[in-house]
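Visitor: Provided herewith is a single structure, encoded as structure tokens, for subsequent inquiry.
The values are calculated or read from the model by the stated rules, or taken from the named source; none is laboratory data. All values reported here derive from a predicted model rather than from experimental measurement. We place every Cβ from the backbone using ideal geometry, glycine too, and count neighbours over all the protein chains shown. Accessible surface is based on the protein model in full, side chains and every heavy atom, while ligands, DNA and RNA are left aside. Shrake-Rupley method; radii C 1.70, N 1.55, O 1.52, S 1.80 Å.
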Amino acid sequence: MLDAALLSIDGLSVAYDGSSALNGVSLQIRKGELICVVGANGAGKTSLIRSISGIVRSSSGTVKMNGVNITGLPPWEICERGIAQVAEGRQSFGSLSVEENLLLGGSLKRAKAYQFETLEFVYQLFERLRERRRQLAGTLSGGEQQMLAIGRAIMSKPEMVMFDEPSIGLSPALTDVMFGVVKSLHEQGITVLLVEQNVAKSLALSNRGYVLENGSIVLHGSSQELLNNSEIQRAYLGM
Ligand code: ATP
């Protein structure tokens, strides 16, 4: 157990129609850390993020933020407490403009007073979104939608951002841009939980990592330890 964990997850389980997706997952994230959870398709990565963000109900276990139990709170309340999610599949409002989507992200109580300042910050991070601020979100390219999803999360003035496979479906060049953005948000003091199939890149970026297999954490350690682990090298790094 870490001292002063920002987020502390204990024995978290999720099942869909009786079929188990997460089995008693425990992990801790300190304030200011960048940690990754890596695993293959279907390992339970998205279920972990969705159960933290309140989108999916856990069947047992607890999620605490700064020692306060937030298990089972509705998603908007979890956002108000400072946990934002960048979902896999992007999920913006397609019939609203880029800027309307961003302003919606900034409409939380915790963020409203900083809305226009944060909007400018997002546009500096992604000039492409500034150029396309009047365009309907549904007509953006995949990479632009991913920028918008990150922008919306930033607009909520989060203490922690959870990224669900930010590199999925992107070209290698755009993948590097997205990992660069994750790094720069972390450098600005935001705690990051990064969930990825891209094991090499996410371990290279993070302080610590957890390996999820069939809904259970099977290994955890510093990212360097995991990168040097022969099982990880064989199973995930093709070595
Ligand atoms: P991927 O990398 O392919 O996105 P993942 O590691 O994020 O996978 P999850 O999406 O959490 O894994 O899925 C874990 C398991 O739960 C899978 O077997 C999946 O089919 C199942 N599952 C996920 N969501 C649902 C749902 N809404 N209803 C039923 N089963 C689900």
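Visitor: Looking only at segment 145-182, filter to residues that are within 16 Å of the ligand (Cβ to nearest atom) and of a type in the set (D, E, K, R); which one of those is nearest to the chain's Cα centre (by Cα)?
Guide: My answer is Asp164.
Visitor: Name the single residue, out of those in segment 187-208 being open to solvent by 40 Å² or more (accessible area, probe 1.4 Å) and touching a residue at least 24 places away in the same chain (Cβ under 8 Å), that is nearest to Gly82 (Cα to Cα).
Guide: Gly189
Visitor: Checking Ser53 against (1) more than 16 Å from the ligand (Cβ to nearest atom); (2) closer than 19 Å to Ser156 by Cβ; (3) hydroxyl-bearing (Ser, Thr, Tyr), only one condition comes out false. Which one?
Guide: Among (1) more than 16 Å from the ligand (Cβ to nearest atom); (2) closer than 19 Å to Ser156 by Cβ; (3) hydroxyl-bearing (Ser, Thr, Tyr), Ser53 violates only (1).
Visitor: Which residues, counting only those in segment 59-70, are modelled with pLDDT under 95 and open to solvent by less than 50 Å² (accessible area, probe 1.4 Å)?
Guide: Answer for segment 59-70, where residues must be modelled with pLDDT under 95 and open to solvent by less than 50 Å² (accessible area, probe 1.4 Å): there is none.
Visitor: Using the structure shown, decide if Ser13 is hydroxyl-bearing (Ser, Thr, Tyr), near the ligand (Cβ under 10 Å from one of its atoms), touching a strand residue (DSSP E or B) at 6+ places or on another chain (Cβ under 6 Å) and modelled with pLDDT of 95 or more.
Guide: The answer is no for Ser13.
Visitor: Considering only residues that are closer than 16 Å to Leu104 by Cβ, without any contact (Cβ under 8 Å) to a residue 40 or more places away in the chain and either open to solvent by less than 40 Å² (accessible area, probe 1.4 Å) or of a type in the set (Asp, Glu) (or both), which ones fall in segment 124-151?
Guide: Passing the criteria: Leu129, Met147.
Visitor: While we're on this one: Based on what the data block shows, is Val86 surrounded by 15 or more Cβ atoms within 10 Å (Cβ to Cβ), within 17 Å of the chain's Cα centre (by Cα) and β-branched (Val, Ile, Thr)?
Guide: When the stated conditions are applied, Val86 passes them.
Visitor: Same structure again: Let me spell it out: the conditions are (1) of a type in the set (Val, Ile, Thr); (2) over 21 Å from Ile190 (Cα atoms); (3) more than 12 Å from the ligand (Cβ to nearest atom), and Ile83 meets all of them except one. Which number is the exception?
Guide: Among (1) of a type in the set (Val, Ile, Thr); (2) over 21 Å from Ile190 (Cα atoms); (3) more than 12 Å from the ligand (Cβ to nearest atom), the lone unmet condition for Ile83 is (2).
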